[in-house]
Amino acid sequence: MTHVSALFSPQTNPSPADLRTFRLLCDSLFFYTLSDMPEQQKMWTGYTPGLLSQKEQTRFQSLVQEIKGHEAEFHKGFLASLSTDHGDRDEASVGVLASSLRSGPKPADPQQAEDKTLWQAMLILKLAEMHREEENEINQEFLVVSDKEAALFAAILGEGTKEEGMDEEETLALRELAATTTPRASSLNLTRLIKAWGQLYTRDPRATDIPLLVTTQAELPDLMAEEYEMLTGQLPRKLVSLILPTPEKSEEYAAWVEKFRTDTEVIREHFNRLLLDIAASGTSSTDRLTELQGAGNDLNRLSLPFLQGNPSKSIHFYAYEGVSLRNLFRSLNGTPISEPQQNQVATGLLAVLH
């Protein structure tokens, strides 16, 4: 039986809602966690790449606890010059650490330099995670405010509005007026976030066994396409698109997923095998691509009954022929590209959820 594993990028501890659609296709879905205990669920697994020594990992966890409540101080300036060459980090205050980030000497030892790179990447990812959690909380509060304001605007128009009946134009105007209080889009530097995630990915020994990268971030395929074009003079190949349901979490969810996977097992097996064949080859023949398109169309047809009563999302698959995802991220971060080894994935695969 063909088994397809996927790794989620670039968020750490992503929302389960972002993973459910991918889980309909993938047999194993992983993502990175940093300072928290790995989250184990039946359908996906979070794990820490284990790149730091136990001592350094403990120090990192201590720092994360100390950062909480001081995130803005770090967001505004010190991560780019992060240095781990600073006395006893366990006892260092945030203020002292911030000072060391400004002026700390560069480590001469190669291992210290490696630890510095990893510390910087992990802090960027952890701060982004904290920032995202805070934004989600703010978004929820704004939704409550918008609902209250919409009710207030309706009351201002007159208590008898409901009985008299508002026309669609008035209703739309109320919604738009209430929506003016919704927060702006995230202010995170997504390019820096993607590069930081790549620092962990290119050093993660477990990732060599995971042929597929999945994402919900439109910036990731754009950035990787630019890097791939710079390396090869070509654009990544668009393979196929799937339209899959995105059911809400409920008591029937596990049984629903099991039924979907059972009803689509044969064609899903065929589709996944073709994906792995493409990943293992440096180039894809026209016949193989046509066969994959056909398998994708069949899978879309089998998915139609499951779309009823559920929202849907599309997954677009891209192939970076002749270049592994590891080498794409190495190039993106300005590090030397490794030589291909036997049994190494020859073509990077990326699935983008819209």
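Counting only helices (runs of 4 or more DSSP H) wholly contained in region 1-77, the ones carrying 1 or more residues that are modelled with pLDDT of 80 or more occupy 16-23, 54-67. Of the residues making up region 285-320, those that are β-branched (Val, Ile, Thr) and open to solvent by 40 Å² or more (accessible area, probe 1.4 Å) are 286, 290. Within region 243-267, the set of residues being open to solvent by 80 Å² or more (accessible area, probe 1.4 Å) and among the hydrophobic types (A, V, I, L, M, F, W, C) comprises 243, 266. The single condition among (1) at pLDDT below 95; (2) of a type outside the set (D, E, K, R); (3) surrounded by fewer than 20 Cβ atoms within 10 Å (Cβ to Cβ) that residue 270 does not meet is (1). Within region 272-295, residues that are assigned to a helix (DSSP H, G or I) reach partners that are basic (Lys, Arg) and open to solvent by 30 Å² or more (accessible area, probe 1.4 Å) with beta carbons closer than 8 Å, at six or more positions or on different chains, in the pairs 274/288; 277/288; 278/288; 289/237. Scanning region 321-333 for residues that are surrounded by fewer than 20 Cβ atoms within 10 Å (Cβ to Cβ) and of a type in the set (Gly, Ala, Ser) yields 322, 331. Are any of the residues in region 276-284 buried (at least 21 other Cβ atoms within 10 Å of the Cβ) and either more than 24 Å from the chain's Cα centre (by Cα) or among the charged types (D, E, K, R) (or both)? Scanning region 276-284 turns up no residue that is buried (at least 21 other Cβ atoms within 10 Å of the Cβ) and either more than 24 Å from the chain's Cα centre (by Cα) or among the charged types (D, E, K, R) (or both).
The values are calculated or read from the model by the stated rules, or taken from the named source; none is laboratory data. Everything quoted here is computed from the prediction, not taken from an experiment. With ideal geometry, Cβ positions are generated from the backbone for all residues, glycine too; neighbour counts draw on all protein chains shown. Note: accessible area is taken over every heavy atom of the protein model, side chains too, but ligands, DNA and RNA are not part of it. Shrake-Rupley method; radii C 1.70, N 1.55, O 1.52, S 1.80 Å.
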